[in-house]
1. Which value, in Å² rounded to 10, gives the accessible area of Tyr106 with a 1.4 Å probe and all protein chains present?
2. Measure off, as a whole percent, the carbon and sulfur share of the 1.4 Å-probe accessible area of the range 43-169, all protein chains present.
3. Relative to the Cα centre, what is the charge dipole magnitude of the range 1-121, using +1 at the beta carbon of each Lys and Arg, -1 at the beta carbon of each Asp and Glu, and rounding to the nearest 20 debye?
4. Residues of the chain: accessible area per residue at 1.4 Å, in Å²?
5. Expressed as an acute angle from 0 to 90° and rounded to the nearest 10, what is the orientation of the C-alpha long axis of helix 2-28 relative to the principal long axis of the chain?
6. For the chain, what does the relative contact order come out to in percent, with C-alpha contacts under 8 Å and a separation of six or more?
7. Given the whole protein assembly as supplied and a 1.4 Å probe, what does the accessible area of Leu167 come to in Å², nearest 10?
8. Count the lysine pairs in the chain whose Cα atoms sit under 22 Å apart, keeping only pairs 8 or more residues apart in sequence or on different chains.
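The values are calculated or read from the model by the stated rules, or taken from the named source; none is laboratory data. It should be emphasised that the depicted structure is a prediction, and the values quoted were computed from it without experimental measurement. Cβ coordinates were reconstructed from backbone atoms using ideal geometry, including for glycine residues, and neighbour counts include every protein chain displayed. Surface areas here come from the heavy atoms of the whole protein model, side chains and all, with no ligands, DNA or RNA. Shrake-Rupley method; radii C 1.70, N 1.55, O 1.52, S 1.80 Å.
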Amino acid sequence: MNVVSYGKDIWQAIASTFEGMSITFSHLMRRPMTIQYPDKIPMPIQETLPLRYRGILEVDMDICTGCLACERDCPITCITIGIEMNQETKQRQFTHFDIDVCKCMYCGLCSEACPTGAIRHSQEFEGASYDPAGLVRHFAPQPQNLYKPKKGGETDPKLVTKVDIGLKYLDEFATPDGGGAAAEEGKQP
């Protein structure tokens, strides 16, 4: 009786091994589905991402007002901003504007709070680094004046385009459908 049961166990082990190996061998004959990133892809990955993709944060320091709304709204304090008064010019300047990408959870609260759209998510997602200190982004490596919005609108052509990009980002980011005010204007009643 023990010999019969022992023989059945051996047969089941052989049968299950061949069943598993048949599945493995069938995959050897198939065309591979692996994409060899980043070498053999038809187009850059950034071009395939949606416009509202929440990648690594970027800051346009030319239109940042230094209101500190992003720093206050960040739930994990990955944004640190330093502002001091320049004694010679009597203007406020950034001493540092740092974002620790290691801590960032890409929630978007900082970019929603920004009144000018200076801080926003980029299409960049590759943040691999051997050293965590290399993932701290320094946006103001040297003292830089804060942006002061003009009451009648921006007149500097370089800043007009940057302000427009920031406001467009805010408009698209702050609405759930991504259409913003432009989509509301285009709707027919």
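1. Here the residue's solvent-accessible area equals roughly 70 Å².
2. On the way: 4250 of 7570 Å².
Of the solvent-accessible surface of the range 43-169, carbon and sulfur hold 56 percent.
3. Around 520 debye, computed over the range 1-121.
4. Working: 13430 Å² over 189 residues.
I get 71 Å² per residue for the chain.
5. With both axes taken from Cα atoms, the answer is about 40 degrees.
6. Details: 220 pairs, mean separation 43.6, N = 189.
The value is 23 percent.
7. For Leu167, solvent-accessible area is about 90 Å².
8. For the chain, qualifying lysine pairs total 13.
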